[in-house]
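Just so it is clear, none of the values below were taken in a lab; they were calculated from the coordinates. Note that this is a predicted model, so its numbers are computed, not measured. Every residue, glycine among them, receives a Cβ derived from its backbone with ideal geometry; neighbour counts consider all protein chains shown.
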Amino acid sequence: MAITAMPARDALNAARAPDPYAEGTRVELRQISYFVRVAELGSFSKAAVTLNIAQSAISRQVRKLEEELGVQLLYRNGRGVTMTHAGSLLLEHGRSAVDSLEHVSHELSLLRTSPGGSAIIGIPPTVGRLFTIPFARRFRQAFPQVNLRIVEGFSGHLLEWLFAGRIDVAVLYDDPAANSAIFEPIVEEDLACIGKSALPPPTIDGAVTLSSLCALPLVMPSRPHGLRTYLENVAGKMGLTLSVALEVDALHSMLEAVREDFGYAILPLMAIQREMSGSGLQAWPIVEPQLTRLLYVATASQRARAAPTRQVAQLVRAQILDLMPDAAWRVARRTAAAAQGVDDLSDAEIRVEPRLA
């Protein structure tokens, strides 16, 4: 059997070197970082200047590192330092560890200022027609490293998806008193009676009353669509009942049904702006009472304070407000202020907890 001799100093170090995984061995990345800089520069004083740390603090941490590892890493002399064999080995692997740590730190810094990964936005069909393409352009410019997905659904479905974590931010119409979320009211829009120009409903000064509408055949979404629920609640408080001739849950099909004389629809003006020109359809304002709906940006309570979620929600809000000149919307400033007792919409939010049965 061949026996290879080992230098006395290295043999001594090997004999006393502890198991690096043994309990009580605590090597810090900070210590390795200091050692790498000292070894690269060949001097404690130069490392102190580069790191902007007191030389005594660096010397103390390197000494602790040697004690923890149980080996001498540096030969110290009046002209600086030189590495032992153990020091050379640690420098080879330590430099890689320090570089990896700096890379991760940089990546985390970028994540704090610009979200990564993916973002899923849920919107109702009435909003999607004006919102989707302009927002996609804006989002790509603001967050080029983030994959965007936009899904459409009714408000009830959007809230379910939001709470289940399937979407990050929802744009919706809903009664926030029924759900646990953070709602920010953005805009308020009027509902209008939509019908064929050739078959105008009974009007007073060009407007339709709700009582007159209830006597007409209506094309409505089915329950529990938020619009249907809202209209039935308003009518019920007035002792009225909606006369539903046809239930259709798709916006395009609703408008087609109106064109084919199935009845009248009650929709936000925004939903049919692009279909009004040359379509044979007309919109009449509704009065007694005036019917309006609030549009909210909603985030789940447990994720609303996370920086990426806030940034995406702010971008959604900004895009909706930019659409106001092209839509029959009003900023919901007064409603938001009344809800929170504040004057500035940026400080107004409605935080709602679930009702107990």
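Can you check how the C-alpha radius of gyration of region 225-266 compares to 2.2 N^0.38 Å, as a plain ratio?
Computed over Cα atoms of region 225-266, the ratio equals 1.23.
Run the dipole for region 19-95 about the Cα centre, Lys and Arg Cβ at +1, Asp and Glu Cβ at -1, nothing else charged, and hand back the magnitude in debye, nearest 20.
420
Under 29 Å Cα-Cα from Lys64, which lysines qualify once same-chain neighbours fewer than 8 residues away are excluded?
Those lysines meeting the cut-off are Lys46.
Return the long-range amide H neighbours of Met83 (sequence gap of 5 or more, or a different chain), with a cut-off of under 5 Å between placed amide H atoms.
Those lying under 5 Å, H to H, from Met83 are Tyr75.
Could you work out how far apart the two model spin labels at Met238 and Thr203 are, taking each label as a point 7 Å from the Cα in the direction of the beta carbon, and quote it in nm?
So the label points at Met238 and Thr203 sit 1.7 nm apart.
Would you mind checking which residues have amide H under 5 Å from Thr209's amide H? H placed 1.01 Å from N; only 5 or more apart, or other chain.
When sequence neighbours closer than 5 places are left aside, the close amide H contacts are Ile204, Val287.
Take the Cα gyration tensor of region 117-234, multiply each eigenvalue by 5, square-root it, and list the three semi-axes largest first, rounded to whole angstrom.
Calculated on Cα positions only, the semi-axes equal 33, 18, 12 Å.
Zone of Ser253 (label point 7 Å along Cα→Cβ, backbone N under 17 Å): which residues in region 143-175?
152-155
With r as the distance between the Cβ atoms of Arg310 and Ser56 and R0 = 45 Å, compute the FRET efficiency 1/(1 + (r/R0)^6) and round to 0.05.
According to the calculation, E is roughly 0.55.
Starting with the highest mean, order 84-95, 162-173 by the number of other Cβ atoms within 10 Å, averaged over the residues of each peptide.
162-173, 84-95
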